[in-house]
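A.B. asks: Sharing a structure here in structure tokens format.
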Ligand SMILES: [Zn+2]
């Protein structure tokens, strides 16, 4: 893929891409309803990766916004939020869905999931992540109420909303168009769809 190409993250599937330090990536919520689990790994050492639990104390909030820097598990800057055309509702609390999550939700047999999509997306680049870091769940709407309770709500973004991130080191980014179709996080229609990204150079 060349810089500028519009790359599809297929519905229910994963995709990965390499970025050089200083390159920017535009993630596009093509239909507005889709949650995209997002990971970033140090390209030179996959054991260092974007960490939600290390980022939250540095930015002092649950949800990053334009100007905020995302940190690794070694507390080094890895990505910066440069633009966000959406209402800015994203999630840093919820783990990537996995086969066990769907079992809890009553699914019998296999269900597509973001954890397997992370491995599949990175495998296309010949890489295996050493673990599954907590993702930055782009456009996922998990309001925290005053009594500290959580709920799983539909996205509030519009079709075509985008986020631009800048790489602060050479990175491998991975994405999963979340296949959640039991809870309404991907819209009340419970229909996971595709999203896109574009490396801006
Ligand atoms: Zn998921």
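A.B. asks: Give me the distance between the Cα centres of segment 77-102 and segment 153-201, rounded to whole Å.
C.D. replies: Rounded to whole Å, the Cα centres lie 8 Å apart.
A.B. asks: If you don't mind, there's one more thing I want to ask. Which three lengths, in whole Å and largest first, does segment 125-201 cover when its Cα atoms are put on their principal axes?
C.D. replies: That works out to 39, 28, 22 Å along the principal axes.
A.B. asks: So if R0 is 22 Å, what FRET efficiency would residue 6 and residue 128 give, r being the distance between their Cβ atoms, rounded to the nearest 0.05?
C.D. replies: 0.25
A.B. asks: Whole percent per 5 Å bin, from 0 to the bin with the longest distance: what is P(r) over all C-alpha pairs of segment 48-133?
C.D. replies: Whole-percent P(r) values from 0 Å outward: 3, 13, 17, 18, 18, 17, 9, 4, 0.
A.B. asks: Between residue 108 and residue 149, what is the spin-label point distance in nm, taking each point 7 Å from the Cα along the Cα→C-beta axis?
C.D. replies: Taking the simple label geometry, residue 108 and residue 149 are separated by 3.1 nm.
A.B. asks: Given 10 Å bins starting at zero, what is the percent of C-alpha pairs of the chain in each, up to the one with the largest pair distance?
C.D. replies: For the chain, the pair-distance distribution reads 10, 39, 39, 12, 1.
A.B. asks: What 222 nm value per residue comes from the helices of the chain, counting each DSSP H run with n ≥ 4 as -39,500 (n - 2.57) and dividing by all residues, nearest 500 deg cm²/dmol?
C.D. replies: Taken over the chain, the calculation gives -3000 deg cm²/dmol.
A.B. asks: At q = 0.13, 0.20, 0.21, 0.22 Å⁻¹, work out log10 I(q)/I(0) for segment 1-88 with the Debye formula, treating every Cα as an identical point scatterer and leaving solvent out; two decimals please.
C.D. replies: For segment 1-88 at q = 0.13, 0.20, 0.21, 0.22 Å⁻¹, log10 I(q)/I(0) is -0.48, -1.17, -1.27, -1.36.
A.B. asks: Gain in length, residue 182 to residue 20, computed as 0.36 nm per residue apart minus the alpha-carbon separation, to one decimal in nm?
C.D. replies: 54.6 nm
A.B. asks: Related question: I need the shape label for segment 15-56. Rule: rounded when a/c is under 1.5, else prolate if a/b > b/c, else oblate, with a, b, c from the alpha carbon gyration tensor.
C.D. replies: oblate
A.B. asks: Give the Cα extents of segment 130-172 along the principal axes, in whole Å, largest first.
C.D. replies: The Cα atoms of segment 130-172 stretch 40, 31, 16 Å along the principal axes, largest first.
A.B. asks: Just need the relative contact order of the chain here, percent rounded to a whole number, with Cα pairs under 8 Å and 6+ apart.
C.D. replies: RCO, the chain: 45 percent.
A.B. asks: What's the Kirkwood radius of segment 28-78 in Å, using all Cα pairs?
C.D. replies: Across segment 28-78, the inverse of the average 1/r is 12.1 Å.
A.B. asks: I've got another one for you. Work out how much length residue 66 to residue 45 would gain on full extension: take 0.36 nm times their residue separation and subtract the Cα-Cα distance, in nm to one decimal.
C.D. replies: Fully extending the segment from residue 66 to residue 45 adds 4.9 nm.
Just so you know, all these numbers are worked out from the coordinates, no wet-lab data involved. The shown structure was predicted, so the numbers you read here are calculated from the model rather than taken from an experiment. With ideal geometry, Cβ positions are generated from the backbone for all residues, glycine too; neighbour counts draw on all protein chains shown.
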